[in-house]
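Report on one structure; see the data block that follows.
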Amino acid sequence: MAPELPGVQFEPLAGSVAAWRAAVDAQQWLRAGEDIADRGGRLAALWASDDTDRGAGLCVRALLVSFEGLICLELRMPERDASFPDLSQSFPCADRMQRAVHDLCGARALTPDGDAADPRPWLRHGAWPEDIFPLRRNVAASARWPAQPDAYRFVTVEGDGVHEIPVGPVHAGTIEPGHFRFSVVGERVLRLEERLGYTHKGIEKRFEQMSLADAIRLAGRVSGDSTVAYAWAYAMALESISGAQVSERALRLRALLLERERIANHLGDLGYLGNDAGLAFGLAQFSRLKEDVLRLNARLFGHRYLMDRIVPGGVALDVDPAAIAVLLDEADRIEREVRALRAIYDDHAGLQDRFMTCGRLAPDTAVRLGVVGLAARACGIALDARAHPGYAPYTELQPKVITERAGDVAARVNVRFEELFESLRLERRILRHLPAGERVAPLAVAPEGGFGFGWVEGWRGEVFVALEAGAAGTVRRCHPHDPSWQNWPALEHAILGNIVPDFPLINKSFNLSYAGQDL
Amino acid sequence: MHKLLRQIVKVGIRTEAPPQADDSLRQITDRLNQEVLRLLGRALAIRHVDAGSCNGCELEIHALANPYYNIEGLGIRFVASPRHADMLMVTGPVSRNMEQALRRTYEATPEPKLVLAIGDCGCSGGIFGDGYASCGRVASVIPVDVAVPGCPPPPAAIMQGILTAVRAPAQGFR
Ligand code: SF4
């Protein structure tokens, strides 16, 4: 059933999940956002493209999720002084996405008074000048600019005994770069402001130099820990444009890989969360199990993290009965071991003391911020793309959406434990009922201008890829969207009132991606 | 508590088995330990810098700490400050937004120092290449002693890279 908005024509898009696109004017853009927010919908992604080479100005798109399905609003703007109505009143998570749109494409989100919603850059530090927009068609892929001054305005907190602690961009551990500015009284955090974008390397521009067939490798390297989710989302987008019918077997093998990615990441996180709360034993045990999973991936599928195993039209692997037996055996062993470890975590008073009530994100805050993925599920919000009606092959696999209510570190730990067991169940189910079918379906040439989405529930949350085909099998525009865009602002809330020494634990309990949102 | 102890006893020690003729990994780890001790007479201190990676290489650096590779047991420590480091381990193509931070970290590392570039990205810029926001390979920003290819390079390859760097020390490294 198509959504209804006065005066807006919805055009259905191909794919297994119901999706529409609609050209809107500025007023409809704003109204549609308000309307969908009022009905409990959310903003999934927001990005812009330069179509001046086709005489069509710039285009900003908002991808919304409502109960009907996915809705992509498209607003065209003239190139000069391009602007569009600010959506952050309806969807606070729009703020950083809108700033990135300005940094890369030069279209500004304006409030009803005509002011910039937030004039600060987000991805542009000092690598290119303020009046250059790298995703514009007239900017060459090889263009380089001398370093520019970079004076970022942080919000300052004033008051008696308040002081600031800046951390990063290079951190103490083996983690990605980002800057955190804490305002504290004593050790208690009054405010945290994040500044990200350090790993911005121009992925979206890079996509435009690639063929549709090759670009799946780049999609699989937007965020290395979610390579399966991104590659699948990209493949889904390309297949919807070229009308490929992926076999049921290949779809199930993709689900197998996605669940193995979830299992490996959850194992790793559970180890580090134990470690950060003082139980080094947990890290040793869980990292051993994770390594077992990675080694089996390498042996059976040829890559420890499963990079490049999903290809347009299907998968670059298959499983024979011997492999199925090994995988089933492994699933049983992991389940047994993790159940034993969970009992240890649950009984460990010191650990539970650190986990409980720490880094609590209130459900109403999570809803307002549009939080997704496991962080949302840990505050009782049952969002999971896999459970969306029509989502192949998951509709038949019937994944259980795991939720917890407390929204604290303990809840995010528990969601990981339960999801791990659920992924093992799904893995067994896939392996025991694998239909025959071809590995890769032939792909018709994608028509120039063809446009499609992919939407995959990665271990962290939902990953989107929006893809537009260019001439002769090239990528015209590709926008990958990481769930971390929505969830990073939530970390700023979850830390409030906690003490600075608990930040690493709270941060780890979200385990958000820098690379995925920096692009 | 007794569950915990039981688990420890049940699992036992999983650090890879002692040398076997075809056990290449074990040879690397043994040699590594001896070389590190011979050259430094103490633990090798490594500072990791993510200069723009996709985070895939970081996963393998983390894996070095798991019980199979047990890198700490080989006399190699990851340290929190470049001032305590003998070696920088740099991942990713260097993003323009990290160029200066990487240079500063390099300058803050006391001489003599070694630089290991990790992954196809660190070696050549990888799939991201050079562009308006990427400087490409690590060597375009700071001098690199050893580069370890792979996307991402598996833990054994990273260990081999460390060994190579330690065995073929940079000018004045001793
Ligand atoms: S080499 Fe591969 S895994 Fe490492 S940062 Fe580059 S793309 Fe990621």
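The table that follows gives values for the structure above.
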| quantity | calculated |
| --- | --- |
| Anisotropy class of segment A:88-170 from Cα gyration tensor, a/c 1.5 cut | oblate |
| Separation in nanometres of the label points that stand 7 Å from Cα toward Cβ, at A:GLN148 and A:ILE165 | 3.3 nm |
| DSSP-loop trypsin sites (Lys or Arg not before Pro) across segment A:56-108, with at most 15 other Cβ within 10 angstrom | A:ARG80 |
| In segment A:112-205, the trypsin sites (Lys or Arg not before Pro) that fall in loop regions by DSSP, at most 10 other Cβ within 10 Å | A:ARG153 |
| 10 Å Cβ neighbours from other chains, averaged over peptide A:264-277 | 1 |
| Neighbourhood net charge (13 Å Cβ-Cβ; Lys/Arg +1, Asp/Glu -1) for A:ARG80 | -2 |
| Cα-based equivalent ellipsoid of segment A:282-421: semi-axis lengths in Å, sorted from largest, via gyration tensor | 30, 23, 13 |
| Over 29 Å (Cα to Cα) - which of A:LYS201/A:LYS508; A:LYS205/B:LYS113; A:LYS508/B:LYS3 fall in this group | A:LYS205/B:LYS113 |
| Size of electric dipole in segment A:208-258: Cβ of Lys, Arg +1 and of Asp, Glu -1, about Cα centre, debye, nearest 20 | 180 debye |
| Dipole in debye (nearest 20) - the protein assembly as shown, about Cα centre, beta carbon charges: Lys, Arg +1; Asp, Glu -1 | 1540 debye |
| Kirkwood hydrodynamic radius over Cα pairs of segment A:249-344, then Stokes diffusion coefficient at 20 °C and 1.002 mPa s, in µm²/s | 151 µm²/s |
| Footprinting exposure proxy for B:CYS54, A:CYS478 (fewest neighbouring C-beta atoms within 10 Å first) | A:CYS478, B:CYS54 |
| Which of A:LEU218, A:TYR305, A:VAL463, positive extreme of dipole for the protein assembly as shown (C-beta unit charges) | A:TYR305 |
| Most to least packed among A:464-471, A:128-135 [average Cβ atoms within 10 Å] | A:464-471, A:128-135 |
| Debye intensity ratio in log₁₀ form over the Cα atoms of segment A:11-110, taken at each q of 0.13, 0.16, 0.18, 0.23 Å⁻¹ | -0.42, -0.64, -0.80, -1.23 |
| Computed FRET value (nearest 0.05) for A:GLU492 with A:ARG299, which takes r as the C-beta separation and R₀ as 41 Å | 0.45 |
| Lys/Arg +1, Asp/Glu -1 at C-beta; chain A dipole; positive extreme among A:VAL371, A:LEU294, A:THR111 | A:LEU294 |
| Nonlocal amide H pairs with B:LEU44, under 5 Å, H built at 1.01 Å | B:ILE76, B:ARG77 |
| Qualifying lysines (Cα of each under 19 Å from Cα of B:LYS10; at least 8 residues distant if same chain) | A:LYS290 |
| Net charge of Cβ neighbours under 12 Å - reference A:ILE216; Lys, Arg +1; Asp, Glu -1 | 0 |
| Interchain or long-range residues, amide H under 5 Å from A:LEU64's placed H | A:ALA44, A:ILE71, A:CYS72, A:LEU73 |
| Whole-Hz couplings from phi, Karplus 6.51/-1.76/1.60, listed for segment B:47-62; x for Gly and Pro | 10, 8, 10, 8, 9, x, 6, 8, 5, x, 5, 4, 4, 6, 5, 4 |
| Cα gyration tensor category, rounded, prolate or oblate, for the protein assembly as shown with a/c compared to 1.5 | rounded |
| Highest average packing first - A:455-461, A:443-449, A:274-280, Cβ atoms within 10 Å | A:455-461, A:274-280, A:443-449 |
| Exercise: per-residue mean of other protein chain Cβ atoms within 10 Å, A:364-375 | 0 |
| Shielding of A:334-347 by partner chains, average beta-carbon count, 10 Å | 2 |
| For A:GLU4, A:GLU34, order by how many other beta-carbon atoms lie within 10 Å, fewest first | A:GLU4, A:GLU34 |
| Protection proxy ranking, peptides B:73-84, B:107-118, average beta carbon neighbours within 10 Å, highest first | B:107-118, B:73-84 |
| Chain A, helix-only ellipticity at 222 nm - DSSP H runs n ≥ 4, -39,500 (n - 2.57), divided by all residues, nearest 500 | -12000 deg cm²/dmol |
| Positive-end residue, segment A:245-442 charge dipole about Cα centroid, Cβ charges, pick of A:ALA349, A:LEU253, A:GLY359 | A:LEU253 |
| Simple Cβ-charge dipole of segment A:251-375, Lys/Arg +1 and Asp/Glu -1, about Cα centre, in debye nearest 20 | 220 debye |
| Within-15-Å neighbourhood charge of A:GLU248 [Cβ basis; K, R +1; D, E -1] | +2 |
| Ranking of A:HIS200, A:HIS125 by count of other Cβ atoms within 10 Å, fewest first | A:HIS125, A:HIS200 |
| Net length gained if the chain between A:ASP113 and A:ARG439 were fully extended (0.36 nm per residue, minus Cα distance) | 111.9 nm |
| Linear extension gain, A:ALA140 paired with A:GLU34, 0.36 nm per residue minus alpha-carbon span | 34.4 nm |
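Only the coordinates and a few stated rules stand behind these numbers; no lab work does. Bear in mind that the values here come from a model prediction, so they are computed numbers and not experimental data. Don't worry about glycine lacking a Cβ; one is built from the backbone with ideal geometry, like all the others, and counts go over all protein chains shown.
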